[in-house]
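Undergrad: Structure provided below as structure tokens; questions to follow.
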Amino acid sequence: MSATTRNRKPPSTNHSSAASAHTSDSDGGAASIDPQVNERLAKEIQREFWFRLRQLPSKITRTTGPVALCLLSLWAVLIYTNHYGPLGYWAAFISRSTDYRRRFTETNFARKLYLDSPALNPYSLWRGVVVISVSTSCTYICIALLALRHELFHWKPELLEKYLVDAKTSFLGRLVPDSWLNHLFNIYESKHAKRTRDRIQDRDHRATDDQHELAQVVRCVARNLFASTFVVFVMWMALLQTGFESHDIVKPPRSFVPPVQILTWHLIGDTFYYFPHCIAHTPRGSKGIHHKVLPNFLADRLGNFLRNAHKTHHRSKANLAIAAWYCSVTEQVLFNLFPVMLGPVLTQVIADKTGTTKIWGTHLITLYVWLLAGTATSVLAHTGFRTSWNDPGKHDEHHEYAFGQHAVNFGTAGFWDTVLGTKGTKFIEGAKKWQQQRERQAALHIASSRTGIPLTREQKLVVEQPMVDYEWIDTRVED
Ligand SMILES: [Zn+2]
Ligand SMILES: [Zn+2]
């Protein structure tokens with residue numbers, strides 16, 4: 001079953017046609033009032049300093065990504081902890097984690113599996129493998145499910161109706177007025193509708209139309225999460241060969257080290273993700289960057305191997321958060337894990353060689369934050385819809401033009417895409433239009449409250465106009 005396009009109506013109104021609407025709706029009986037007054041004032045409001053300042057946070061969050069902002073906040077906490085007295089969270093985490101491990105090893109389950117063996121202690125598998133695997137898997141599942149809830153209404157609208165009836169007839173539900181429950185469900189419904197309008201591509205992921213495909217996605221992601229545990233184990237064993245454990249992990253690293261390390265790891269990750277990914281997207285029979293450095297027969301083989309490994313992930317042109325790690329095990333290891341895990345090991349090795357482990361060594365807290373941030377970024381890049389704090393347009397454009405001459409956006413940080421000219425432009429234009437639409441809507445509401453003139457129906461629904469740019473759609477047959 002192929003992924004379907006949403007077949008939404010082409011935009012019947014654009015900014016200028018909405019602006020020139022002279023027919024008011026029944027609200028306030030404002031047929032005689034010129035709606036252009038609000039339009040003109042809204043334009044002035046958009047130029048006001050305070051209005052622009054209020055739009056700034058969401059603009060910054062969408063541009064930098066929510067994960068980068070979380071990293072900045074953590075950095076702020078670290079600076080505070082280092083200079084103005086420890087908050088104690090990190091030390092408490094270490095001692096509590098040790099306590100949980102001790103309690104777990106005392107269970108029958110752990111004894112039967114020999115997980116209580118003292119031979120395991122020198123390898124610190126608890127903090128090196130268990131904590132990392134569990135926390136990254138939980139991050140993946142939580143974000144994927146949060147993003148999936150918007151698909152629920154489209155996917156199974158009758159389910160929502162059933163939940164409402166169940167809630168009303170439940171013991172607790174009978175104590176709550178029906179009107180309150182209706183209101184709660186309406187909030188969900190209208191929120192969902194809003195998210196559906198914010199979808200960047202005009203198509204649905206195969207898994208939202210086909211439950212067998214969804215089951216396959218879930219099975220594949222579960223297998224990859226499980227396989228990741230083994231790769232985490234290998235990374236941890238590599239780190240144990242270095243001076244990683246020689247410094248006191250309970251003491252947080254110096255404030256200036258994590259940002260520099262994370263930037264370095266981001267660049268290393270971009271390099272080791274960009275090139276195999278770009279080669280995987282080179283159309284069969286075409287010459288890619290790998291043909292410039294390898295003999296033809298080897299380059300062709302490498303291209304075929306990487307293309308085949310990456311094919312599963314691109315089974316659907318549309319994106320779905322839960323399908324972020326819907327890919328072959330080879331891709332999971334080579335594309336999703338290796339580039340992210342290489343940085344921390346490499347910087348630790350360099351620190352050892354230069355005798356600066358105490359200063360530049362990879363710290364456990366930075367490693368945790370980095371791996372969680374990488375997982376969250378991967379899922380957030382596949383949500384498929386814009387919000388005021390997340391814009392996955394870059395990766396949507398990558399999926400839309402996946403295997404063709406117009407394939408773009410192969411990197412994570414965008415460094416190599418910019419240097420080698422493979423950065424797409426459609427997602428930037430789309431984000432700009434989206435932002436303009438929302439700013440105009442906000443300004444119109446302020447204008448209306450200042451003038452006392454009610455907004456027309458068109459003015460109220462500015463952000464509900466379809467945003468899909470029809471030139472965006474790749475009309476080639478899928479696969
Ligand atoms: Zn790809
Ligand atoms: Zn993807």
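Undergrad: Conditions: (1) in contact with a His (Cβ under 6 Å, 6 or more places away or on another chain); (2) among the polar types (S, T, N, Q); (3) away from ligand 1 (no atom under 16 Å from the Cβ). Ser316 meets all but one. Number of the miss?
TA: Here Ser316 clears every test but (3).
Undergrad: For Cys278, are the conditions met, namely being closer than 26 Å to Val419 by Cα and either within 15 Å of ligand 1 (Cβ to nearest atom) or of a type in the set (Phe, Trp, Tyr) (or both)?
TA: The answer is yes for Cys278.
Undergrad: Follow-up question, since we're still on this one. Among helices (runs of 4 or more DSSP H) lying entirely in region 194-313, which contain 3 or more residues that are in contact with a Gly (Cβ under 8 Å, 6 or more places away or on another chain) and of a type in the set (Val, Ile, Thr)?
TA: Passing ranges, in order: 257-280.
Undergrad: Also, I was wondering about something else. Just name the residue that is surrounded by the fewest Cβ atoms within 10 Å (Cβ to Cβ) out of those in region 300-334 that are more than 19 Å from the chain's Cα centre (by Cα) and of a type in the set (Gly, Ala, Ser).
TA: Among those residues, the one meeting the criterion is Ser328.
Undergrad: Turning to a different aspect of this structure: Quick check on region 405-439: of everything there that is within 16 Å of ligand 1 (Cβ to nearest atom) and surrounded by fewer than 18 Cβ atoms within 10 Å (Cβ to Cβ), which residue is farthest from Thr63 (Cα to Cα)?
TA: Gln405
Undergrad: Any residue that is among the β-branched types (Val, Ile, Thr) and within 23 Å of the chain's Cα centre (by Cα) - is there at least one of those in region 165-175?
TA: No, region 165-175 contains no residue that is among the β-branched types (Val, Ile, Thr) and within 23 Å of the chain's Cα centre (by Cα).
Undergrad: Using the structure shown, decide if Lys311 is among the basic types (Lys, Arg) and within 15 Å of ligand 1 (Cβ to nearest atom).
TA: yes
Undergrad: Using the structure shown, decide if Val257 is more than 16 Å from ligand 2 (Cβ to nearest atom), buried (at least 18 other Cβ atoms within 10 Å of the Cβ) and not basic (Lys, Arg).
TA: yes
Undergrad: Restrict the check to region 319-340 and report whether at least one residue is free of Cβ contacts under 8 Å to residues at least 12 places away in the same chain, in a helix (DSSP H, G or I) and either away from ligand 1 (no atom under 16 Å from the Cβ) or within 30 Å of Arg206 (Cα to Cα) (or both).
TA: no
Undergrad: Could you count how many residues in region 364-390 are part of a loop (DSSP other than H, G, I, E, B), modelled with pLDDT of 90 or more and away from ligand 1 (no atom under 15 Å from the Cβ)?
TA: 1
Undergrad: I would also like to ask the following. Exactly one of (1) part of a helix (DSSP H, G or I); (2) within 16 Å of ligand 2 (Cβ to nearest atom) is unmet by Ile359. Its number?
TA: Among (1) part of a helix (DSSP H, G or I); (2) within 16 Å of ligand 2 (Cβ to nearest atom), the lone unmet condition for Ile359 is (2).
The values are calculated or read from the model by the stated rules, or taken from the named source; none is laboratory data. Since we're looking at a predicted model, the values are computed, not measured. With ideal geometry, Cβ positions are generated from the backbone for all residues, glycine too; neighbour counts draw on all protein chains shown.
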